[in-house]
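S.K.: Take this structure first; my questions come after.
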Amino acid sequence: MQTATLTDVTVNAGHLGGVVKLRGASAAKMTARDVNVYYGEAQALRQVDLDIGEKRITALIGPSGCGKSTFLRCLNRMNDVIEGCRVTGRIEMDGEDIYDTALDVVRLRARVGMVFQKPNPFPKSIFDNIAYGPRIHGFANHKNDLDEIVQTSLERAGLWLEVKDRLAAPGTGLSGGQQQRLCIARAIAVDPDVILMDEPCSALDPIATAKIEELMDELRTSLTIVIVTHSMQQAARVSQHTAFFHLGSLIECGDTDEIFTNPQDERTQGYITGRFG
Amino acid sequence: MLRDKAVTGMQLTLIIAALLILSSIGYAMGRRRAVAAGRGGALRLHSRPSYHGAYVALWCALPSLLLLVLWSIAEPRLAEWLLIARLPDSIRALDPDRLGLLVLDVKNLAVGNIVSREIDPALQAAAEGYNRFLTLSTAAMVVVAISIGVVGAARAIRGVSPAFRARNQVEKVARNIMLAASIIAVLTTVGIVLSLLFEALRFFDQVPFFDFLFGTRWSPQTALRADQVGASGEFGAVPLFAGTLLITVIAMCVATPVGLFSAIYMSEYAGPRFRATAKPMLEILAGVPTVVYGFFAALTVAPFVRGVGESIGLSVASESALAAGGVMGIMIIPFISSLSDDVMNAVPQSLRDGAYALGATKSETIRQVIFPAALPGIVGGMLLAVSRAIGETMIVVMAAGLAANLTANPLEAVTTVTVQIVTLLVGDQEFDSAKTLAAFALGLVLFTATLALNVVALYVVRKYREKYD
Ligand SMILES: Nc1ncnc2c1ncn2[C@@H]1O[C@H](COP(=O)(O)OP(=O)(O)O)[C@@H](O)[C@H]1O
Ligand SMILES: [Mg+2]
């Protein structure tokens, strides 16, 4: 395993001029500047500059293979566990460089949670799935605290009523939609500031998808969400900001309404109207 | 006797070769005919020509092969029955044992071997009759087998037509051949188990079941004469069970940590290149002949253990459970490491990602997510290793000794069930003495124990499978 290294941290003022400012953005929770990602020799992301608005939902859209997941994994350093992956540039969270060598990546990931495309509950009970994060980070000293964390997390994920009578049953026995909400609850349980979601609904049916979207809207009041999606409707429905990626570059980003009604770049226009992708 | 067997073996090979040649000719003819039928006829061929050819070949070979099998089972019995039927009444009136010996002599005489009695004309005549019958029978077998093959092939060739579903027929035959093979395997197993069971029951006629199972003294010498000292052997198998258990526990104490940790290292930490070389090398351990482990244990490890023990003031037997168990542990490492490595690799990457994304460290992820998820498979591997350890003989014979001590001290010599089976059966034995039959009883216990372990292992592994697919 190779730790992602940070070589060019210098971001000069001249370059900042090229940063696409989010129009009407709130304070940025995370900022990415000049981010390049390489898998071995191949470059997957080029010069990405993007701000992630606090307590907003930011949608990353773009054709397959354009680097959306790669960018998402930069934000909680999940790229560290990929062999041969190298990240350069500067990514900050609340003004702090997350690629700083002094930073504890384990704490970072507790603050920036992640939900994957395919629901991946641990082969443990529903309770233990949720309690896993709080346990390893030592958030709960008593059984009662843990019970409470589990209950509130499940409630916030809208799953409590469905599972409260079978907390000891295996998490893998739930339906796909329930499993995905379990994974969201599991991420919430460590009380993160940011949740990254990589196509969280692509394996789900429309009803389960609607539930997750509803849930995201509720979560937005307390945390920042970045979601990768292939569904234009979903991006339009749930997000406040949208960023369009193409061939490893960030083409355009801004308020979702703006991007969908008045895209500046013709590639964005082509993608959202379905002419290529 | 030898010469005789060589000849029939040779004849059989020749017949089978002839049948094979015949059926390849049948194949070619059937194929050619199908091609012709397909070209001329208005209908399209249902099956490709090679299936028609195969169908003919099967009709040529299978019935005659079946006949050969039946014939070789029936022939010796028939010959013996005829032989006895032709003997003078005075001889036939002998009691079965002596008659059996006499028949044996006649057979030996027939093939020109040494005979244990004087040859009288009656015997000579019987031997000649026996020989004549065998020659006749062999000739008849050749003729019948070949003609059945020819007739079968001819029939099948006549049946070739575009509409004929040769492909489905060949499929059916193929299925039945597999079925027959598996039935043979199952029947063999059942046969072995039953013979174990019946011989063991004969043993329990002589030695009470509970004395065997719970007795604590094992000295299976039975007397040659009834008035000898120590005439009755003692068949309390507890020391053997205890010895087996002790050695297995020692072996598992060596194999489990080494196997498990190397599996974890290989699947979670090592790069693909290290894994690609280290894994096969570990697996070689299981391929080393056990006799090599045996002399390694006896000549290297046992003296070493003894030396170390004595230097710290312990008295160590020159053959110790520790040496044998330790070396056996090395041998079964790959059962644990290889299987555990496989199951841990099979744990989906998404689970690891899930744990990392929650902020788990690598070792937390391994301990709390990967290991529990792989645990059923790991347990399965360990149970396999245990049943291998229980069944191992050679290492124990060479390094742990033969003394049936009832002890939990790993520094003393012990013996195991398998070793005692070997010693009971080595050398000339009476087939119905308690000493010989005891081997069957021990075998039955061993079989039951390993069967139970395997069933548990299979159950555990199956449960694991259900979870992930
Ligand atoms: N683990 C990896 N190793 C090598 N190349 C990768 C890896 N993951 C992604 N890539 C490459 O990086 C590019 C971007 O991939 P990704 O971020 O998964 O795209 P998206 O999520 O937008 O579909 C693709 O060309 C892909 O082949
Ligand atoms: Mg992706």
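S.K.: Within the stretch A:136-153, count every residue that is within 13 Å of another protein chain (Cβ to nearest Cβ) and among the polar types (S, T, N, Q).
M.R.: 1
S.K.: Identify, from the list B:D432, B:D341, the residue that is out of contact with any Leu (no Cβ under 6 Å at 6 or more places or on another chain), part of a loop (DSSP other than H, G, I, E, B) and away from every other protein chain (no Cβ under 14 Å).
M.R.: Values: B:D341 fails: part of a loop (DSSP other than H, G, I, E, B).
Just a single option satisfies the conditions, and that option is B:D432.
S.K.: Among the helices (runs of 4 or more DSSP H) contained in the stretch A:150-222, which hold 1 or more residues that are under 21 Å from B:A355 (Cα atoms) and more than 16 Å from ligand 2 (Cβ to nearest atom)?
M.R.: On the way: elements: A:160-163, A:176-188, A:206-219.
Passing ranges, in order: A:176-188.
S.K.: If A:D100 satisfies all but one of (1) surrounded by fewer than 21 Cβ atoms within 10 Å (Cβ to Cβ); (2) within 9 Å of chain B (Cβ to nearest Cβ), what's the number of the condition it fails?
M.R.: Condition (2) is where A:D100 drops out.
S.K.: Being open to solvent by less than 50 Å² (accessible area, probe 1.4 Å) and more than 21 Å from A:Y271 (Cα to Cα) is the filter here; which residues of the stretch A:211-254 pass it?
M.R.: Scanning the stretch A:211-254 gives A:I212, A:E213, A:L215, A:M216, A:L219, A:L223, A:T224, A:I225.
S.K.: Got a sec? Which of B:V143, B:V193 is in a helix (DSSP H, G or I) and loosely packed, with under 11 Cβ neighbours inside 10 Å? Break it down into steps so the answer makes sense when it comes.
M.R.: Numbers: B:V193 fails: loosely packed, with under 11 Cβ neighbours inside 10 Å.
Result: B:V143 is the single residue among B:V143, B:V193 that is in a helix (DSSP H, G or I) and loosely packed, with under 11 Cβ neighbours inside 10 Å.
S.K.: Here's a follow-up. Quick test of your reading of the structure: A:G113 fulfils all but one of (1) among the small types (G, A, S); (2) away from every other protein chain (no Cβ under 14 Å); (3) open to solvent by less than 30 Å² (accessible area, probe 1.4 Å). Name the failing condition by number.
M.R.: (2)
S.K.: I'd like the full set of residues that are at positive phi and either among the charged types (D, E, K, R) or surrounded by 20 or more Cβ atoms within 10 Å (Cβ to Cβ) (or both), limited to the stretch B:397-455. Write out each step before concluding.
M.R.: Going through the stretch B:397-455, the residues at positive phi turn out to be B:401, B:427.
Selection gives B:G401 alone.
S.K.: Out of all the residues in the stretch A:255-266, which are surrounded by fewer than 19 Cβ atoms within 10 Å (Cβ to Cβ), touching a residue at least 12 places away in the same chain (Cβ under 8 Å) and either among the charged types (D, E, K, R) or touching a Phe, Trp or Tyr at 6+ places or on another chain (Cβ under 7 Å) (or both)?
M.R.: A:E258, A:D265
S.K.: Hey, another quick one. Within the bounds of the stretch A:70-91, is there any residue that is buried (at least 21 other Cβ atoms within 10 Å of the Cβ), part of a strand (DSSP E or B) and facing chain B (nearest Cβ under 9 Å)?
M.R.: no
S.K.: Picking from A:A169, A:A187, which residue would you name as being open to solvent by less than 20 Å² (accessible area, probe 1.4 Å) and either under 27 Å from B:L351 (Cα atoms) or over 18 Å from the mean Cα position of the chain (by Cα) (or both)? Give the derivation first.
M.R.: Working: A:A169 fails: open to solvent by less than 20 Å² (accessible area, probe 1.4 Å).
Going through A:A169, A:A187 in turn, the sole match is A:A187.
S.K.: Another question, then. Does the stretch A:117-133 contain any residue that is under 24 Å from A:A243 (Cβ atoms) and either more than 8 Å from every other protein chain (Cβ to nearest Cβ) or at pLDDT 95 or above (or both)? Reasoning before the result, please.
M.R.: Initial filter on the stretch A:117-133 (under 24 Å from A:A243 (Cβ atoms)): A:117-118.
So of that shortlist, the ones also either more than 8 Å from every other protein chain (Cβ to nearest Cβ) or at pLDDT 95 or above (or both) come out as A:117.
Yes, the stretch A:117-133 contains a residue that is under 24 Å from A:A243 (Cβ atoms) and either more than 8 Å from every other protein chain (Cβ to nearest Cβ) or at pLDDT 95 or above (or both).
S.K.: A further question on this structure: Any idea which of B:V316, B:V308 is of a type outside the set (G, A, S) and assigned to a helix (DSSP H, G or I)? Explain how you work it out, then say what you get.
M.R.: Numbers: B:V316 fails: assigned to a helix (DSSP H, G or I).
Criteria check complete, one pass: B:V308.
S.K.: Further question on the same structure: Return the pairs, sorted by first residue and then second, in which the second residue is of a type outside the set (D, E), the first residue lies in the stretch A:113-124 and is free of Cβ contacts under 8 Å to residues at least 60 places away in the same chain, the beta carbons are less than 6 Å apart, and the residues are 6+ apart or on different chains.
M.R.: Matching pairs, first to second residue: A:F122/A:N129; A:F122/B:V369; A:P123/A:T172; A:P123/B:A373; A:P123/B:K467.
S.K.: For the stretch A:57-66, give me the residue count where each residue is buried (at least 23 other Cβ atoms within 10 Å of the Cβ) and either within 13 Å of ligand 2 (Cβ to nearest atom) or in a loop (DSSP other than H, G, I, E, B) (or both).
M.R.: Here is the first cut: in the stretch A:57-66, the ones buried (at least 23 other Cβ atoms within 10 Å of the Cβ) are A:57-62, A:66.
Remaining after also requiring either within 13 Å of ligand 2 (Cβ to nearest atom) or in a loop (DSSP other than H, G, I, E, B) (or both): A:60-62, A:66.
Selection size over the stretch A:57-66: 4.
S.K.: Select, from B:A399, B:A357, the only residue that is within 14 Å of chain A (Cβ to nearest Cβ), in contact with a helix residue (DSSP H, G or I) (Cβ under 8 Å, 6 or more places away or on another chain) and not basic (K, R). Give the steps one after another, and end with the answer.
M.R.: Values: B:A399 fails: within 14 Å of chain A (Cβ to nearest Cβ).
Among B:A399, B:A357, only B:A357 is within 14 Å of chain A (Cβ to nearest Cβ), in contact with a helix residue (DSSP H, G or I) (Cβ under 8 Å, 6 or more places away or on another chain) and not basic (K, R).
S.K.: Could you please find all residues in the stretch B:32-80 being β-branched (V, I, T) and surrounded by fewer than 21 Cβ atoms within 10 Å (Cβ to Cβ)? Explain how you work it out, then say what you get.
M.R.: The first filter runs over the stretch B:32-80 and keeps only residues β-branched (V, I, T), leaving B:35, B:56, B:69, B:73.
Within the stretch B:32-80, B:V35, B:V69, B:I73 meet the criteria.
S.K.: May I pose another question? Going through the stretch A:228-252 one residue at a time, which ones are within 17 Å of the chain's Cα centre (by Cα), within 15 Å of ligand 1 (Cβ to nearest atom) and not in a helix (DSSP H, G or I)?
M.R.: Result: A:V228, A:T229, A:H230, A:S231, A:T242, A:A243, A:F244, A:F245, A:L250.
The values are calculated or read from the model by the stated rules, or taken from the named source; none is laboratory data. Computed from a prediction, not measured in an experiment: that's the story for all the values here. With ideal geometry, Cβ positions are generated from the backbone for all residues, glycine too; neighbour counts draw on all protein chains shown. Each accessible area value is taken on the protein alone, full model and side chains, heavy atoms only, with ligands, DNA and RNA left out. Shrake-Rupley method; radii C 1.70, N 1.55, O 1.52, S 1.80 Å.
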